[in-house]
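The values are calculated or read from the model by the stated rules, or taken from the named source; none is laboratory data. Every value quoted in this text rests on a predicted model; they were computed, and no experiment measured them. Virtual Cβ from ideal backbone geometry, glycine too; neighbours counted across all protein chains shown.
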Amino acid sequence: MFVFDALPFARSGLVVETLRADDFSPVKNAEGVDSPRTAQDDQLRQYVRWLRGAGATVAADASGLPAFCIEVSPRFGYDEASFADNWRKLSPKPEIADGLYLE
């Protein structure tokens with residue numbers, strides 16, 4: 001079953017349109033396509049987009065994937081706007097490197 005199979009049973013429904021790159025990265029397989037690894041890579045690409053959108057310089061490959069791991073807590077930024085707002089407040093800015101965790 002998929003989540004959309006439950007829609008006929010809902011008393012009320014709501015459709016939200018978002019950017020696929022920001023809100024969809026399925027995990028259907030243990031390895032390869034649609035695996036935990038591809039979901040993590042998609043999340044790293046999102047963090048690079050957010051950092052660049054906030055004015056930071058981040059090295060990444062042609063697909064937007066950085067060569068290192070970073071993590072952003074939802075308490076720091078749950079979308080690009082909240083991330084940018086909190087990034088602006090940081091002084092000094094942290095080094096963007098492997099293991100960066102923003103909370």
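Consider GLU17 carefully, then state whether it is acidic (Asp, Glu), modelled with pLDDT under 95 and over 13 Å from the mean Cα position of the chain (by Cα).
Taking the combined requirement at face value, the residue satisfies it.
Which members of the stretch 10-29 meet the condition of being surrounded by 12 or more Cβ atoms within 10 Å (Cβ to Cβ) and touching a helix residue (DSSP H, G or I) at 6+ places or on another chain (Cβ under 8 Å)?
The answer is ALA21, ASP22, SER25, VAL27.
What pairs come up if the first residue lies in the stretch 30-46 and is loosely packed, with under 12 Cβ neighbours inside 10 Å, the second is not in a loop (DSSP other than H, G, I, E, B), and their beta carbons are under 9 Å apart, counting only those six or more places apart or on different chains?
Note: pairs meeting the criteria are ALA30/PRO36; GLU31/ARG37; GLY32/THR38.
Could you tell me whether any residue of the stretch 77-85 is closer than 22 Å to LEU19 by Cα and more than 14 Å from the chain's Cα centre (by Cα)?
Yes, there is a match, as at least one residue in the stretch 77-85 is closer than 22 Å to LEU19 by Cα and more than 14 Å from the chain's Cα centre (by Cα).
Scan the stretch 64-97 residue by residue and report those that are touching a helix residue (DSSP H, G or I) at 6+ places or on another chain (Cβ under 7 Å) and small (Gly, Ala, Ser).
Hits for the stretch 64-97 are GLY64, GLY77, ALA84.
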